[in-house]
Structure formats: structure tokens, C-alpha cells
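Asks: First the structure, then my questions, so here it is.
The values are calculated or read from the model by the stated rules, or taken from the named source; none is laboratory data. This one's a predicted model, so the numbers in the text were calculated from it and none came from an experiment. Cβ placement follows ideal geometry from the backbone for every residue including glycine, while neighbour counts extend to all protein chains displayed.
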């Protein structure tokens, strides 16, 4: 069983809350600056139009030479490139002022209009771009055109937009930096909890979840889990102790019983009905003793203190030794035992004798259940820097519905051979769990079983 990897920090609750807060803060800042931009733009626009309207009403009070004098006087106070005027006769011919023509698209209705393109001219003293303009019919029959550039308004709006961009930048950058820094501490604690939890899931109940001095929610949860682990460990040790004592205490009487039965058989005539019955009883006694030996062996393997004696070794000689050891047995059963290994394999950290025992159990089962004329393959592979050992056969295989249960104690696949009491694969599972390796059951290319041992590197417990 593997635990979820917390390396993707953005999935954590704290990261999501910080990201949500940052998003909402940026969103509300943008809304605030947008409202500010809209209100200031509207205010400045109204102010510009109101000022232009005042000038219009002022100049409407003059006519003739007075109007010319008033316009000439106003030029001394107008901002160059901001305000401009043009005086035209009844045929819209220019008379005075910087404007030499009426802006295109300006209605002659005495109302203020916003023009996207005010005056097409290279004169820097004239307004360019968008502007507000009004055409007024004077009392003496002439046309007075007043123009005010919106450049000041656009300048203010640009200032507001720049402020908005700076506000977003100064919000996002510290927000992202703060989100990255604030999520690291919880993630470090979660990774520490995960490392301890992985050791516990692997079977080492002596481990406890780490606690900090903060006494926060994570510490409260870790303390609760630790209390549960202490209780579970105590109960499992009690159950294990009872089972071990039963197996150990019964092994001696069974040994004596078998010896007495064997002596009685020696005193019985060979081939008699009593001798045949004694053979069956002795066989049943041997089966019981084998079961107790298997239980004690599994109990021994579940003691994880044996990991302190693990060594690094080359698996190739181990595989060759297994092949040589079981080759006569396979030939006796008219089977072909093949060894398929590369020139080199990644080293394995573990107990060589225990791994030999585990692989021997797998090979023994494959040879036992493969019919005559079949094939058994012992294969070694280099899987991304880790050794991978496979045992394949051409036998009946293991049904997919029963693959998860074959490693349970006393479990036998339906139709299994007599004499198989269901502890061989349990011992294999105990050895694999002790090493922290992976063991998978699948189907081979020949339709039989495929038992894969993943000898991946493990963190020390």
C-alpha cells in the first residue's frame, strides 16, 4: 500500500487557502481600481465638458470686434496643445484662430461632442487625438468652434492604469512569494508524517508520527494516531505472543507423538491394515508439524530488527545458484527450467539467505503446479536502476480473483495439490515485507503464473 505523495504542494489545504486569499485580494483590488478609474474618468470628463460649456456661454455674449478681441485675449491664457478655437464666416471659411477648418464629423448644433480624431495637423500647438468640440453660431452670423483636448484626461487615466498595474504586481509577487514560503513548513511536517506512516504501513508498528512544539491541529491528529498505534501494537503483540506460544508448546508434544507412532509402526507387520493407518496418522502429524514450523517462521520474519543485518550483494550469483539447485527437480518432473539474466543487475540490499528462501518457494510452487512438458523461467531484469526478478511458468496460473489472497496464511487455490498447507507464499510475503520490496502476481506469456519481485531501494527505517 502506497501513500499519496505530498510533493505537489499546491494540492494542500493551506496552499489552496493562500491561493484563494491571494486571488480574492487581487480581484477586489482590481475591482477597486476599476471603480476608481471609472469615477475619476467620469469626473474629469464632466469637468472638461463643463469648462468648455462655460467658454461657449462666455463668448456668446460678444459679437463683432469684441468677440475677436476676447478670443485673442483668451489665447494668452490657453494652454498650448490643449485649447484651441477657430472663427469662420457663414460659408465656413476661416477668419481667425489656430483652427483653419472645422473638425470633420462635428455637427453644427451648438452642443458639445466628443471626437475621436480632433484635428489632422502637424502643428504641436493644436490638440490632437480625442477631444471635446462645440460649434456655436454667433450673433453676427459667424461660426465659433471651441476645442479642448482630452489629453489631460487620458494622462490621468494612464496614471490610474499604471497604479493599477503596480498594485497588481505588488500584490501578486508578494502573494506568490508568501504562498511559496508559507506552504513549505506545513509540507515539511506532512512529509515527515508521511515517512513515519510509510514505515508503519510497511509493518513496523514501533514507529510514531512526529510531534512539534506548536500543538496545532496536525499535532493533535498525530497524537491521536500515536495513541491508536500504541494500542494496536499492544494488542497485536499479545495476539502474536499467544499464537507463538501455542505453536511452540504444541510442537514438542507433536514431535513426541510422531516418535511414538513411528515406534509402534516399527512393531507392526509391514503391509498390515494397522501399518497403513499408522502411515496416514504419521503423515497428518508431519503436516501439523510443518504448519507450526511455518507459523513460527513467519513470526520470526515479522521481527523487523533483522533489517539491521542487511548487506548489499549481487543478485546474479543468487539466481544462478537457484537455477542449479532446482534444475534436477525440474528435470525429474520433465520440465524445462530456464535462466534468463543480463550481463549485470543492480545490487540488492537485504538478507541473501532470506531472499534465497523466498525465491526458492516461488520456484518450488511453479515446478509443483506446472504439468510435464511445461516450462519454468527464472528471469532477472534491470528496471530503472532496480533489480526485478520474475518467476514464470506454463501451468494453470492463478485466477485473477484469488491473486490478492494467495499470500494469506493457510490459503490454498481451489484445486491445489494435496499436501500444500498454504504457508509457503505467506513466508514469501513476510520476507518481501521485511525487505520493503514489492510482490505482484500476474499472467505469463504461456498462460501460467507470473510472480514478480520488485527489489526497489528503500529508505532505512
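Asks: So residue 371 ticks every box in (1) over 30 Å from residue 261 (Cα atoms); (2) surrounded by 14 or more Cβ atoms within 10 Å (Cβ to Cβ); (3) at pLDDT 85 or above but one. Which box is left unticked?
Replies: Exception for residue 371: condition (2).
Asks: Then there's this: When you look at residue 110, is it in a strand (DSSP E or B), assigned by TED's automatic domain parsing to the domain that holds residue 68 and modelled with pLDDT of 80 or more, yes or no?
Replies: When the stated conditions are applied, residue 110 does not pass them.
Asks: How many of the residues in the range 328-363 are in a helix (DSSP H, G or I) and either crowded, with 16+ Cβ neighbours inside 10 Å or within 39 Å of the chain's Cα centre (by Cα) (or both)?
Replies: Count: 13.
Asks: Testing residue 233 on (1) modelled with pLDDT under 70; (2) part of a helix (DSSP H, G or I), one condition comes back false. Which one is that?
Replies: Only one criterion in (1) modelled with pLDDT under 70; (2) part of a helix (DSSP H, G or I) is unmet by residue 233, namely (1).
Asks: Please go through the range 426-435 and give me each residue that is modelled with pLDDT of 80 or more and either touching a helix residue (DSSP H, G or I) at 6+ places or on another chain (Cβ under 7 Å) or crowded, with 22+ Cβ neighbours inside 10 Å (or both), ordered by number.
Replies: Selection gives 428, 431, 432.
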